[in-house]
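K.L.:
Mind having a look at this structure? Questions to follow.
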Amino acid sequence: MAIESSCDETAASVVVNGRTVLSNIISSQIDIHTLYGGVVPEIASRKHIERINQVIKKALEEAHTGFDDLDAIAVTYGPGLVGALLVGVAEAKAIAYARNLPLVGVHHIEGHIAANFIENPDLEPPFLCLVVSGGHSHLVIVRDYGKFEILGRTRDDAAGEAFDKVARAIGLGYPGGPKIDKAAREGNENAIDFPKGKVAGSLYDFSFSGVKSAVLNYLNQAAMKGETVKAADVAASFQKSAVEVLVEHTMQAASDYHIDKVAIAGGVASNSRLRSEMEAACRRTHRAFYRPSPILCTDNAAMIGCAAYYEFIKGVRHGWDLNAVPNLKLGERV
């Protein structure tokens with residue numbers, strides 16, 4: 001059984017042999033945090049405490065499983081909001097201790113990458129994975145299960161963070177990613193020529209603060225001139241700029257490192273434009289393309305259970321001193 005509570009979703013899942021998901025229960029707090037325009041850490045922590053027992057109970061019931069049937073307990077211990085992480089870690093340690101079960105801590109981003117294994121039984125390392133979420137933008141070679149080589153990362157805003165900020169600026173609200181995606185379908189992506197972020201001296205790193213600032217400048221100038229702004233055009237033009245950079249850097253790395261399998265992961269991986277453009281680019285270059293279903297792109301416990309399985313069979317175990325590590329780096333172990 002796996003537990004995920006790194007941000008504002010309380011989740012539990014029962015996973016068999018890493019790739020068979022018997023249950024995947026997610027309790028989202030989006031409606032609560034929408035009132036504040038973003039995630040409020042203290043509220044998120046309190047809601048995790050209120051919901052975690054019910055979520056675990058439902059996960060076991062849906063899987064027709066009891067605690068006595070489990071081989072191990074897995075939990076996200078970083079990165080994320082420290083208070084939110086602590087709720088899941090404490091719960092997992094309590095269950096593991098009470099039931100005398102092994103405890104396996106999982107890196108949240110490794111979980112997102114592992115989500116690709118659940119629906120793609122033919123996918124095996126090595127492959128290239130673009131991880132794009134609200135807090136992370138990584139371009140990673142997955143050398144083996146749990147072994148990663150980071151080629152690029154964001155130098156400033158993560159892709160999902162930029163989506164949230166642009167959505168807020170044009171009045172779409174929170175959560176920004178799905179709202180930008182929806183609005184962009186009604187807009188003209190060529191209406192505004194926003195810049196594509198490049199990082200001098202690095203082919204694979206990302207920078208989204210520039211395009212975010214360009215959107216804000218466009219909106220401010222329009223307001224000063226009294227011009228009407230069409231939110232759908234801004235959303236579509238911004239999305240085009242962000243997605244093109246993500247696809248270009250990924251395909252450049254795939255070419256340079258001679259990798260014929262490409263995957264995407266993380267919350268932004270559910271963006272319809274990113275999925276279609278990456279699939280088209282892989283088709284043009286005769287590469288296999290993998291992406292999780294949108295429900296597995298968001299924070300969930302099934303992906304944590306998948307990643308934990310491969311750690312478990314390698315003999316990874318954590319003790320009762322396992323703690324939340326909010327700034328845990330990809331590939332880092334405690």
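Quick note: the coordinates plus some simple rules give every number you see, no bench work behind them. Note that this is a predicted model, so its numbers are computed, not measured. Ideal geometry is used to build each Cβ from the backbone, glycine not excepted, and the neighbour counts take in all protein chains shown.
K.L.:
Past the 25 Å Cα-Cα mark, which pairs from 147/182; 196/230; 147/196; 179/329; 198/329; 147/261?
P.N.:
147/182; 147/196; 179/329
K.L.:
Return the loop-located trypsin sites (Lys or Arg not before Pro) in region 274-328 (DSSP other than H, G, I, E, B) with at most 16 other Cβ atoms within 10 Å of their own Cβ; answer none if there are none.
P.N.:
Those satisfying the criteria are 314, 317.
K.L.:
Can you pull the Rg over Rh of region 131-173, Cα-only, Kirkwood?
P.N.:
1.17
K.L.:
To continue, here is another question. Looking at the chain, identify the longest residue range that excludes and avoids all chymotrypsin sites (Phe, Trp or Tyr not before Pro) in DSSP loops having at most 15 other Cβ atoms within 10 Å.
P.N.:
Excluding the exposed sites themselves, the longest stretch runs over 37-256.
K.L.:
I'd like the Karplus ³J(HN,Hα) series for region 173-182: coefficients 6.51, -1.76, 1.60, θ = phi - 60°, whole numbers in Hz, and an x wherever there's a Gly or Pro.
P.N.:
Each residue of region 173-182 in turn: x, 10, x, x, x, x, 6, 4, 4, 5 Hz.
K.L.:
Next up: Grab the other residues whose beta carbon is less than 10 angstrom from that of residue 233, score K and R as +1, D and E as -1, and report the net.
P.N.:
Around residue 233, the surrounding residues sum to -1.
K.L.:
Oh, and also: Once phi is turned into θ = phi - 60°, what whole-Hz ³J(HN,Hα) does the Karplus curve with 6.51, -1.76 and 1.60 give for every residue of region 322-327, x standing for Gly and Pro?
P.N.:
4, 10, 6, 10, x, 10
K.L.:
To continue, here is another question. Compute the acute angle (0 to 90°) between the alpha-carbon long axis of helix 272-284 and the principal axis of greatest extent of the alpha-carbon atoms of the chain; round to the nearest 10°.
P.N.:
90 degrees
K.L.:
Could you list which residues have their amide H under 5 Å from that of residue 22, counting only those 5 or more apart in sequence or on another chain, with H placed in the peptide plane?
P.N.:
Close amide H contacts, sequence-distant or interchain: 14, 15, 16.
K.L.:
Would you list, by chain and number, the lysines whose Cα falls below 17 Å from the Cα of residue 58, excluding same-chain residues fewer than 8 positions away?
P.N.:
Those lysines meeting the cut-off are 47.
K.L.:
Taking the C-alpha atoms of region 1-130, how large are the radius of gyration and the largest Cα-Cα span, Dmax, in Å?
P.N.:
Gyration radius and largest Cα-Cα distance of region 1-130: 14.9, 42 Å.
K.L.:
Where does region 125-292 land on Rg/Rh, using Cα atoms and the Kirkwood Rh?
P.N.:
0.99
K.L.:
Per the helix-only calculation at 222 nm, which mean residue ellipticity applies to the chain, given -39500 (n - 2.57) for every DSSP H run of n ≥ 4 and division by its residues, nearest 500 deg cm²/dmol?
P.N.:
Calculated from helices alone, the mean residue ellipticity at 222 nm is -14500 deg cm²/dmol.
K.L.:
In µm²/s, what is D for region 184-263 at 25 °C and 0.890 mPa s, where D = kT/(6 pi eta Rh) by Stokes-Einstein and Rh is the Kirkwood radius from Cα pairs?
P.N.:
Value of D from the Cα-based Kirkwood radius: 175 µm²/s.
K.L.:
Let me ask something additional. How big is the charge dipole of the chain about its Cα centre, in debye rounded to the nearest 20, if each Lys and Arg gets +1 on its Cβ and each Asp and Glu gets -1 on its Cβ?
P.N.:
400 debye
K.L.:
Between beta-carbons, use under 11 Å as the cut-off and find the net charge around residue 28, counting Lys and Arg +1, Asp and Glu -1.
P.N.:
That sum, taken over residues with Cβ under 11 Å, equals -2.
K.L.:
Using each residue's phi in region 59-64, evaluate 6.51 cos²θ - 1.76 cosθ + 1.60 at θ = phi - 60° and report the 3J(HN,Hα) Karplus result to the nearest Hz, with x for Gly and Pro.
P.N.:
Couplings: 4, 5, 5, 5, 7, 6 Hz.
K.L.:
Now for a separate question. Counting only Cα, what are the radius of gyration and maximum Cα-Cα distance Dmax of the chain, in Å?
P.N.:
Answer for the chain, Rg first and Dmax second: 20.0, 68 Å.
K.L.:
Could I ask something else about it? Could you work out the local net charge near residue 308, counting Lys and Arg as +1, Asp and Glu as -1, over the other residues with Cβ closer than 13 Å to its Cβ?
P.N.:
-1
K.L.:
To continue, here is another question. Over region 125-292, what relative contact order in percent results from Cα pairs under 8 Å that are six or more residues apart?
P.N.:
26 percent
K.L.:
Would you work out the relative contact order for the chain, in percent, from Cα pairs under 8 angstrom that are 6 or more residues apart?
P.N.:
The normalised contact order for the chain reaches 25 percent.
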